[in-house]
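Following: one structure in structure tokens, then a few remarks.
A short reminder: the numbers here are calculations on the coordinates, not readings from a lab. Just so we're clear, the structure is a prediction, and the values are computed from it rather than from any experiment. Don't worry about glycine lacking a Cβ; one is built from the backbone with ideal geometry, like all the others, and counts go over all protein chains shown.
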Ligand SMILES: [Zn+2]
């Protein structure tokens with residue numbers, strides 16, 4: 001009987017892309033391949049959070065002491081390039097010239113354990129939280145500037161006069177904005193995640209409210225500018241010398 005006809009022989013078959021990459025490429029090698037500088041202690045600045053001192057340990061797998069992300073080479077590349085796991089595995093296989101059988105699917109039948117699911121969900125939550133936090137902080141800092149300007153604008157000149165409504169509203173909103181910024185900058189990560197889970201809608205509503213009031217004012221200002229421009233154009237002696245007119 002010919003050797004190649006032997007059905008049970010697995011010697012000459014290639015593994016699926018996941019198995020091939022998992023056995024052939026470490027998280028550290030993958031990170032280095034895609035431009036992450038890993039020092040002699042196997043530490044690098046984490047590309048998944050704003051990291052200034054190396055807080056990610058890379059070896060067979062990676063783990064970040066700052067944002068707690070972890071995984072293998074495929075997870076790393078998938079996160080780094082924001083691509084799917086399969087795409088990441090294929091990319092690594094190609095870049096490292098790891099041989100695999102493209103038709104073969106990874107072995108099924110091993111259901112994930114509740115612990116694995118919990119870990120996955122936790123990772124997902126932290127990822128969503130980090131994205132939200134960056135945007136929320138930037139929005140809130142913008143709101144703070146707007147509200148500071150608004151309180152100055154509506155502050156009554158006469159100390160004894162009652163505070164006008166817009167002043168009170170802006171003042172109260174600014175206190176709230178300050179409170180949220182403080183939490184997002186100094187509270188524990190647990191507390192911040194709690195804020196993300198329970199207060200993100202309130203924060204978004206606050207941001208909308210602050211900016212909604214800003215819109216009509218901007219358009220009035222624009223109208224005024226347009227009017228000024230019109231008057232200016234009328235007084236310009238040579239219309240063709242005006243580049244705006246020449247362009248029409
Ligand atoms: Zn990190």
> Using alpha carbon centroids, what distance separates segment 66-81 and segment 136-173, in Å?
Replying inline: 43 Å
>> Taking 2.2 N^0.38 Å as the expected size of a compact globular protein, what ratio does the Cα radius of gyration of segment 51-95 give against it, to two decimals?
In response: 1.20
> When you count, for each residue, the other Cβ atoms within 10 Å and take the mean per peptide, how do 14-21, 65-72 rank with the highest first?
Replying inline: 14-21, 65-72
> Distance in nm between label sites at residue 168 and residue 229, each 7 Å beyond Cα in the beta-carbon direction?
Replying inline: 4.0 nm
> Pulled fully out, how much extra length does the chain show between residue 19 and residue 113, if you take 0.36 nm times their separation in residues and subtract their Cα-Cα distance?
Replying inline: 31.9 nm
>> Need one number: nm distance between label points at residue 141 and residue 175, each 7 Å from Cα along Cα→Cβ, rounded to one decimal.
In response: 2.5 nm
> Under the Kirkwood approximation applied to all pairs of distinct alpha-carbon atoms, what is the hydrodynamic radius of segment 120-234 in Å?
Replying inline: 16.5 Å
> So what is the relative contact order for segment 2-110, in percent, with contacts set as C-alpha pairs under 8 Å and at least six apart?
Replying inline: 32 percent
